[in-house]
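**Q** My questions all concern the structure below.
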Amino acid sequence: MTTVSDPPKEGFRLSQLIYDTRYRSMTIQIVALIGFLTLIFWLINNTATNLAELGKEPSFRFLSEPAGYDINQRLLDYQSQDTHLRAALIGLLNTLLVAVMGCITATIIGVIVGVLRLSKNWLVSRLMAVYVEMFRNVPVLLWIVFVMAVLIETLPAPRAFRGDNATASMMLNDSVAVTNRGVYVPEPLFSRGLGDIHLLGDSSLRFDVSLDLIAILIVLGLGFFVSHKIKQRADHVQETTGDRPTTWYLRLGVVSLPFIVLLYALGFHLGYPELKGFNFRGGTHMRNSLIALWLALSLYTAAFIAEIVRAGILAISHGQTEAAAALGLRQNRIMNLVVLPQALRVIIPPLISNYLNLTKNSSLAIAVGYMDITGTLGGITLNQTGRELETLLLLMLCYLIISLSISAVMNWYNESVKLRER
């Protein structure tokens, strides 16, 4: 009796790594990875060897040395004898300040301009088109310098506010002074404040956290949370009965009333700027360098956001608008309730790129003397210490972390507005 058995399986051969399609792609990837890692190792080793020969071994000890320079615009206390690490922290906060203010302002302007570009009014749509083309086709550096020049040359000097023959006057009931040295606005003060929390002691990263600010944020956060719950309940009632209860006054009350009570309990009042000597004292001083950088980046980025918004709106089927109009909705309600919520799914991905570009373009602040992270760590600190490699690596790491953080937040929001299949 004859039996048939399966042929013996062939063993693995090294030639299969090249000629067998099951292993070839893996082989190529491993070889490419080894080559890449070898190149990186060679670059690092070669750089370390050259620096050692120059007597400049990689070291970050310079961060603990006194900086020796002042920073004109700052959010935390700083003195010229503080360390380079402290100066870098102040510069980083200045960068974040411009990035946050710029992203918010650019989004507001961009959405408005993008919607107006679709207006049926010929004059309005053409004016918005001129704005978009004008800002998109001129380098942002020129806009920053141009805005700075306009602020310096057209605004009055502080001495113009002095005396009976003053040629300039303060605005908003003598509470805001707009000068060629910057804008002075009232600052919030608390006569019965809760004090501050001192974090990190006397280290270079020390900073004070206001308990008043923490209390305000907690009250506002709880207010918005309760307001959201009221909205959810109104949505549930509308889905079950078809009638939507009026809740705007409840939502406004749960946010505003506790906030007002807290401000009264803390003794909230405003500190107004006053002209003393050759300059204004008191209040909050926003220097021209900050304003020029903020306005230029916002207007420049808003032109790109406007085109993104316009494209997102046009991506929505016209039938959606016609159906909403047939139900009796007005044009502004159609835009807010029907078109924009759907257009967000198209708008958000390219919007992330524009936020990242605005943040990275803030490094041009050095052109107008605004001391951001590039001006402090990548500018004066680099020139004083001669540590080009270390400062540039830290600078790139800062921008990388900021950009990845913005991407993570926007990607989370993009995921939350996606359509869910059922």
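The values are calculated or read from the model by the stated rules, or taken from the named source; none is laboratory data. The shown structure was predicted, so the numbers you read here are calculated from the model rather than taken from an experiment. Using ideal geometry, Cβ is built from the backbone for each residue, glycine included, and neighbour counts are taken over all protein chains shown. The area values use the complete protein model at the heavy-atom level, side chains included, leaving out ligands, DNA and RNA. Shrake-Rupley method; radii C 1.70, N 1.55, O 1.52, S 1.80 Å.
**Q** For the stretch 155-165, give me the residue count where each residue is free of Cβ contacts under 8 Å to residues at least 24 places away in the same chain and either open to solvent by less than 40 Å² (accessible area, probe 1.4 Å) or not in a loop (DSSP other than H, G, I, E, B) (or both).
**A** Total meeting the criteria: 1.
**Q** What about residue 409, is it open to solvent by 40 Å² or more (accessible area, probe 1.4 Å) and at pLDDT below 90? Steps first, please.
**A** Values: open to solvent by 40 Å² or more (accessible area, probe 1.4 Å): yes; at pLDDT below 90: yes.
Taking the combined requirement at face value, the residue satisfies it.
**Q** Something else now. Being outside any helix (DSSP H, G or I), open to solvent by less than 50 Å² (accessible area, probe 1.4 Å), under 26 Å from residue 412 (Cβ atoms) and modelled with pLDDT under 90: is that true of residue 347 here?
**A** Spelling it out, it is not the case that residue 347 is outside any helix (DSSP H, G or I), open to solvent by less than 50 Å² (accessible area, probe 1.4 Å), under 26 Å from residue 412 (Cβ atoms) and modelled with pLDDT under 90.
**Q** I'd like the residue in the stretch 95-134 that is open to solvent by 70 Å² or more (accessible area, probe 1.4 Å) and among the basic types (Lys, Arg) and, out of all such residues, is modelled with the highest pLDDT. Walk me through how you get there before you give the answer.
**A** Step one: list which residues in the stretch 95-134 are open to solvent by 70 Å² or more (accessible area, probe 1.4 Å), which gives 100, 104, 108, 112, 120-123, 126-127, 130, 133-134.
Still in the running and among the basic types (Lys, Arg): 120, 126.
Values: 120: 86, 126: 94.
Taking the candidates together, the pick is 126.
**Q** Are any of the residues in the stretch 365-381 open to solvent by 10 Å² or more (accessible area, probe 1.4 Å), farther than 20 Å from residue 297 by Cβ and assigned by TED's automatic domain parsing to the domain that holds residue 318?
**A** Yes, some residue in the stretch 365-381 is open to solvent by 10 Å² or more (accessible area, probe 1.4 Å), farther than 20 Å from residue 297 by Cβ and assigned by TED's automatic domain parsing to the domain that holds residue 318.
**Q** I'd like to know if the stretch 346-358 contains one or more residues that are touching a Gly at 6+ places or on another chain (Cβ under 8 Å) and more than 24 Å from residue 292 (Cα to Cα).
**A** Scanning the stretch 346-358, I find at least one residue that is touching a Gly at 6+ places or on another chain (Cβ under 8 Å) and more than 24 Å from residue 292 (Cα to Cα), so the answer is yes.
**Q** Go through the stretch 295-315 and give me each residue that's open to solvent by 60 Å² or more (accessible area, probe 1.4 Å) and not aliphatic (A, V, I, L, M).
**A** Within the stretch 295-315, 304, 310 meet the criteria.
**Q** Specify the residue that is surrounded by the most Cβ atoms within 10 Å (Cβ to Cβ); the eligible residues are those in the stretch 236-290 that are more than 30 Å from residue 95 (Cα to Cα) and touching a residue at least 60 places away in the same chain (Cβ under 8 Å).
**A** 266
**Q** Can you confirm whether residue 321 is without any contact (Cβ under 8 Å) to a residue 40 or more places away in the chain and surrounded by 15 or more Cβ atoms within 10 Å (Cβ to Cβ)?
**A** Yes: the conditions hold for residue 321.
**Q** Report the residue count in the stretch 56-74 for those that are at pLDDT below 85 and open to solvent by less than 50 Å² (accessible area, probe 1.4 Å).
**A** 1
**Q** Now, a different point. Being without any contact (Cβ under 8 Å) to a residue 60 or more places away in the chain, part of a helix (DSSP H, G or I) and in contact with a Lys or Arg (Cβ under 7 Å, 6 or more places away or on another chain) is the requirement here; does residue 129 meet it?
**A** yes
**Q** Name the residue, out of 162, 136, 192, that is of a type in the set (D, E, K, R) and within 27 Å of the chain's Cα centre (by Cα). Don't jump to the end; show me each part of the working.
**A** On the way: 162 fails: within 27 Å of the chain's Cα centre (by Cα); 192 fails: within 27 Å of the chain's Cα centre (by Cα).
Going through 162, 136, 192 in turn, the sole match is 136.
**Q** Separate question: Mind listing whichever residues of the stretch 350-362 are surrounded by 17 or more Cβ atoms within 10 Å (Cβ to Cβ) and polar (S, T, N, Q)?
**A** Here is the first cut: in the stretch 350-362, the ones surrounded by 17 or more Cβ atoms within 10 Å (Cβ to Cβ) are 351-352, 354-356, 358-359, 361-362.
Correct list: 354, 359, 361, 362.
**Q** Is it true that residue 399 is aromatic (Phe, Trp, Tyr), under 20 Å from the mean Cα position of the chain (by Cα) and open to solvent by 50 Å² or more (accessible area, probe 1.4 Å)?
**A** no
**Q** Now for a separate question. Before we move on, is residue 80 more than 26 Å from the chain's Cα centre (by Cα) and more than 30 Å from residue 387 (Cα to Cα)?
**A** no
**Q** If we keep just the residues of the stretch 1-43 that are among the hydroxyl-bearing types (Ser, Thr, Tyr) and either part of a helix (DSSP H, G or I) or at pLDDT 70 or above (or both), which is surrounded by the fewest Cβ atoms within 10 Å (Cβ to Cβ)?
**A** 21
**Q** Go through the stretch 38-74 and count every residue that is among the hydrophobic types (A, V, I, L, M, F, W, C) and under 31 Å from the mean Cα position of the chain (by Cα).
**A** Total meeting the criteria: 5.
**Q** Could you check the stretch 382-396 and list, in sequence order, the residues that are assigned to a helix (DSSP H, G or I) and open to solvent by less than 50 Å² (accessible area, probe 1.4 Å)?
**A** 382, 385, 390, 391, 394, 395
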